[in-house]
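What follows is a set of notes on a single structure, which appears directly below.
The values are calculated or read from the model by the stated rules, or taken from the named source; none is laboratory data. Keep in mind it's a predicted model, so treat the numbers as computed, not measured. Counting neighbours? That spans all protein chains shown, and the Cβs are built from the backbone with ideal geometry, glycine included.
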Amino acid sequence: MQALPIFFNIQQRLCVVIGGGDVATRKVTMLLKASADITLVSPELCHELQDMVDAQKIRHLAAEFSPEQLTGACLAIAATDDEAVNVAVSIAAKALNIPVNVVDAPDLCTFTMGSVIDRSPVVIAVSSEGNAPVLARYIRTKIETMLPAGYGRIAAIAGEFRDQVKAKFATTQLRRRFWEDVLQGPMVERVLSGQEEAARAVLRDVLSDTPSTASKGEVFLVGGGPGDPDLLTFRALRLMQQCDVCVYDKLVSPEVMELVRRDAELVYVGKARDQHTMPQEQINELLAKLALEGKRVLRLKGGDPFIFGRGGEEIETLMQHGVPFQVVPGITAANGVSSYAGIPLTHRDYAQACLFITGHLKDGTIDLDWDAMTRPRQTVVIYMGLVGLADICQQLIQRGVSTNMPAAVIQQGTTQRQRVVAATLADLAEKVSLAEMKPPCLTIIGEVVLLRDKLNWFQPE
């Protein structure tokens, strides 16, 4: 290690930046985030810096650099494309014992600025000591994907309880163990799901002289997306790695299931038409029962929990039992599958509306809003409609939809097993039958299907 990594408090302290272009803009922006008092020295300014001056965020000295401009500064940054000016800034700052950074000139610097991951008050900086700044940015990007944006809020709430913890635990070792337990417990997930007051309640309970003996678990209602595991959200992946039990559906792809914590208990509750491994009411009660046993329960669903996923029914039961839960949206099949099939759901030339329909209702019958489905210049997306496809097509034609209306059925969309049958409303059911399409399938009806020939970008191996 050739440089000491430190965090330097520059709030309301004078920092001088020499330069007026894009590089100076980046440096000024970083200093503003740290609440510095900034003087900018440059004969001319780019538009972004001029806007900051006009907004009175920074001061501007329209002049060439001279050493006296650094008087009283706590640090200096040279961000010009004039090597002579940069050298002069470095010499002057060093003579005044002012930390100096010269962009892209490590030999002229007494400090370098790392590539920053900002989760204030948690801040991480990655430095290559000026040797490979692009590598430092690459590493920062990797870390960014691992750290939820809410980690700063966790730190802020922990700070609120710091004095209480210090008063309750006499030694550093005891305090460290306390925070290690807290940061692996429910307090963290309360914060990350936006329930900050509930997080404070957890901390108050743990710190009380008579903490609650009933250790409730939690339910994570997570949308697993349409199949491709790369479409999972960061939060979904994090919770999949934290669960004690995973209750999952038939529509969750094997690739997504591979990302669930290895030692989690797996409970399959999948449903096919008229074949329910477990009735919905029992699933609802199972989730509550497992959580009340103190377990972290991952309720993993294909697509999005709130779009034909019965997520609303499940959280109603959880609320009745007082079970904490959070809902993590997923990319619904309509969005994911249509994109991978090269079929935009809306298009200025073809469709200004999109209608999501479920192909069978609660009692398994087909009784749809046919009038709504026959409106012009819209796209109709039908979930779970494969069994009744012939009847659906016939009903639409009888109600005036053209027999030549483009339509498509996509099987196991977004995965390497994706298959697409495109046809017209008149012959769609026959072609799907000949192709022996199997669930899960999504049906798209509308003129946007015509665009598939041009936009078919996804080619499964």
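Take residues that are modelled with pLDDT of 95 or more and of a type outside the set (S, T, N, Q) and tell me which of the strands (runs of 3 or more DSSP E) falling wholly in the stretch 63-126 contain 1 or more. Explain how you work it out, then say what you get.
Numbers: elements: 75-78, 100-102, 115-119, 122-126.
Filter on the stretch 63-126 gives 75-78, 100-102.
Need pairs with beta-carbon distance below 7 Å; first residue under 18 Å from Lys431 (Cβ atoms) and touching a residue at least 12 places away in the same chain (Cβ under 8 Å) and within the stretch 441-461, second of a type in the set (S, T, N, Q) and surrounded by fewer than 24 Cβ atoms within 10 Å (Cβ to Cβ); sequence gap 6+ or separate chains.
So the pair list comes out as Cys441/Gln411; Gly446/Gln378.
Which residue is farthest from Asn456 (Cα to Cα), if the candidates are limited to the stretch 376-424 and must be of a type in the set (Lys, Arg), in a loop (DSSP other than H, G, I, E, B) and out of contact with any helix residue (DSSP H, G or I) (no Cβ under 6 Å at 6 or more places or on another chain)? Please lay out each step first, then the result.
Taking the stretch 376-424 as the starting set, the residues that turn out to be of a type in the set (Lys, Arg) are 377, 399, 417, 419.
Narrowing the set further to residues that are in a loop (DSSP other than H, G, I, E, B) leaves 377, 399, 417.
Subsequent filtering for residues that are out of contact with any helix residue (DSSP H, G or I) (no Cβ under 6 Å at 6 or more places or on another chain) retains 377, 417.
Working: Arg377: 22, Arg417: 15 Å.
If we take residues in the stretch 376-424 being of a type in the set (Lys, Arg), in a loop (DSSP other than H, G, I, E, B) and out of contact with any helix residue (DSSP H, G or I) (no Cβ under 6 Å at 6 or more places or on another chain), then Arg377 is farthest from Asn456 (Cα to Cα).
I want to confirm something. Restricting to the stretch 305-328 and keeping residues that are surrounded by fewer than 20 Cβ atoms within 10 Å (Cβ to Cβ) and of a type in the set (D, E, K, R), which single residue is nearest to Leu237 (Cα to Cα)?
For the stretch 305-328, the residue satisfying everything is Arg310.
Is it the case that some residue within the stretch 72-87 is more than 38 Å from the chain's Cα centre (by Cα), loosely packed, with under 15 Cβ neighbours inside 10 Å and within 14 Å of Ile38 (Cα to Cα)?
yes
Step by step: first the residues of the stretch 399-430, then only those that are of a type in the set (S, T, N, Q) and in contact (Cβ under 8 Å) with a residue 40 or more places away in the chain, then the one that is surrounded by the fewest Cβ atoms within 10 Å (Cβ to Cβ). Which residue is that?
Here is the first cut: in the stretch 399-430, the residues of a type in the set (S, T, N, Q) are 402-404, 411-412, 414-416, 418, 424.
When the remaining residues are screened for being in contact (Cβ under 8 Å) with a residue 40 or more places away in the chain, the result is 412, 414-416, 418.
Numbers: Gln412: 21, Thr414: 27, Thr415: 18, Gln416: 11, Gln418: 19.
Selected residue: Gln416.
For the stretch 153-173, what are the residues that are under 13 Å from Ser120 (Cβ atoms) and either more than 33 Å from the chain's Cα centre (by Cα) or not charged (D, E, K, R) (or both)? Even if it seems obvious, please write down each step before you answer.
Taking the stretch 153-173 and keeping what is under 13 Å from Ser120 (Cβ atoms), we get 153-156, 159.
Correct list: Ile154, Ala155, Ala156, Gly159.
What residue, among those in the stretch 438-447 that are over 29 Å from the mean Cα position of the chain (by Cα) and modelled with pLDDT of 95 or more, is farthest from Gly359 (Cα to Cα)?
Among those residues, the one meeting the criterion is Glu447.
Looking at Gln184, is it loosely packed, with under 12 Cβ neighbours inside 10 Å and either closer than 20 Å to Gln242 by Cα or among the polar types (S, T, N, Q) (or both)?
Against the criterion (loosely packed, with under 12 Cβ neighbours inside 10 Å and either closer than 20 Å to Gln242 by Cα or among the polar types (S, T, N, Q) (or both)), Gln184 qualifies.
Which residue, of Ile58, Ile10, Ile18, is in contact (Cβ under 8 Å) with a residue 60 or more places away in the chain, within 34 Å of the chain's Cα centre (by Cα) and within 27 Å of Val123 (Cβ to Cβ)? Give the derivation first.
Numbers: Ile58 fails: in contact (Cβ under 8 Å) with a residue 60 or more places away in the chain; Ile18 fails: within 34 Å of the chain's Cα centre (by Cα).
After applying the criteria, what remains is Ile10.
Which of the residues that make up the stretch 375-392 are at pLDDT below 95 and of a type outside the set (D, E, K, R)?
Pro376, Tyr383, Met384, Gly385, Leu386, Val387, Gly388, Leu389, Ala390, Ile392 - these are the residues of the stretch 375-392 that are at pLDDT below 95 and of a type outside the set (D, E, K, R).
In the list Gly130, Gly194, which residue meets the criterion of being under 20 Å from the mean Cα position of the chain (by Cα) and either of a type in the set (Ser, Thr, Tyr) or part of a loop (DSSP other than H, G, I, E, B) (or both)?
Values: Gly130 fails: under 20 Å from the mean Cα position of the chain (by Cα).
On inspection, the qualifying residue turns out to be Gly194.
From the list Leu251, Leu292, exactly one residue is among the aliphatic types (A, V, I, L, M), within 19 Å of Gly413 (Cα to Cα) and surrounded by 15 or more Cβ atoms within 10 Å (Cβ to Cβ). Which is it? Full working, then the answer.
Values: Leu292 fails: within 19 Å of Gly413 (Cα to Cα).
Testing whether each residue is among the aliphatic types (A, V, I, L, M), within 19 Å of Gly413 (Cα to Cα) and surrounded by 15 or more Cβ atoms within 10 Å (Cβ to Cβ) leaves just Leu251.
For the stretch 170-191, indicate whether the set of residues that are of a type in the set (S, T, N, Q), assigned to a helix (DSSP H, G or I) and out of contact with any strand residue (DSSP E or B) (no Cβ under 9 Å at 6 or more places or on another chain) is non-empty. I'd like the intermediate steps shown before the answer.
Start the filter on the stretch 170-191 by keeping residues that are of a type in the set (S, T, N, Q), which leaves 171-173, 184.
Keeping just the survivors that are assigned to a helix (DSSP H, G or I) gives 172-173.
Going one step further and asking which of them are out of contact with any strand residue (DSSP E or B) (no Cβ under 9 Å at 6 or more places or on another chain), we end up with 172-173.
Yes, the stretch 170-191 has at least one match.
Which numbered condition in (1) under 22 Å from Ile38 (Cβ atoms); (2) assigned by TED's automatic domain parsing to the domain that holds Glu68 is the only one that Val123 fails?
Going through the list (1) under 22 Å from Ile38 (Cβ atoms); (2) assigned by TED's automatic domain parsing to the domain that holds Glu68, Val123 breaks only (2).
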